[in-house]
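Notes to accompany the following structure.
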Amino acid sequence: MLLYLELKLFISSSHSLKDKRQVVHSIKDRLKSRFNLSVSELNSDNKWQTATLGIAYVGQNGKNIGKMKRNIKENIYLNGNAEILSVKEEIL
């Protein structure tokens, strides 16, 4: 099974594009290393307080996919650098 998440993030501590890049890079690296999934920044526009991440994960079953979805959201929330504004998800 494949989980695809598209997360729109609000980065309140960001005051420049450089700040935004640091936060996004940190989130991407942490998710990749902790959960062994693919993460990419989508539509990297010049808005310095918002970012959209695309995340893909391959799991063995629906239970595994649900657990991973919760872990990803919780990890971003607990880090405190970004707030999740919206989530689009697909499970294939």
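Summing +1 for each Lys or Arg and -1 for each Asp or Glu among the other residues whose beta-carbon sits under 15 angstrom from that of residue 47 gives 0. Summing Cβ point charges (Lys, Arg +1; Asp, Glu -1) relative to the Cα centre of the chain gives a dipole of roughly 220 debye. In a shell of Cβ-Cβ distance under 13 Å around residue 70, excluding residue 70 itself, what net charge do Lys and Arg (+1) and Asp and Glu (-1) give? Charge balance in the 13 Å sphere: +2. Checked against a 20 Å cut-off, the cross-linked pairs 8/88; 18/47; 20/69; 32/69; 20/47 give Cα-Cα distances beyond that limit for 20/69. Looking only at 31, 53, 17, which one moves most when the chain is put into a Gaussian network model with springs between Cα atoms under 10 Å? With Cα springs under 10 Å in the chain, the top fluctuation among 31, 53, 17 is at 17.
Listing 4, 77 from fewest to most neighbouring C-beta atoms within 10 Å gives 77, 4. Distance from the alpha carbon centroid of region 4-69 to that of region 75-92 works out to 7 angstrom. Each of (i) 12.9, 41; (ii) 20.1, 71; (iii) 19.9, 69 is a candidate for Rg and Dmax of the Cα atoms in Å; the one calculated from this structure is (i). Whole-Hz Karplus values for region 21-27 come out as 4, 4, 5, 4, 4, 4, 4 Hz, taken residue by residue from phi with 6.51 cos²θ - 1.76 cosθ + 1.60 and θ = phi - 60°; glycine and proline positions read x.
Helix-only mean residue ellipticity at 222 nm, the chain, DSSP H runs n ≥ 4 weighted -39,500 (n - 2.57), per residue, nearest 500. What is it? Before the final figure, lay out each step's value.
On the way: 2 runs with 37 residues, N = 92.
Calculated at 222 nm, the ellipticity per residue is -13500 deg cm²/dmol.
Read-outs throughout are calculated quantities, based only on the coordinates presented, and are distinct from any laboratory measurement. As the structure is a computational prediction, the values presented were derived from the model and not from experiment. Glycine gets a Cβ as well: all are built from the backbone with ideal geometry, and neighbour counts include every protein chain shown.
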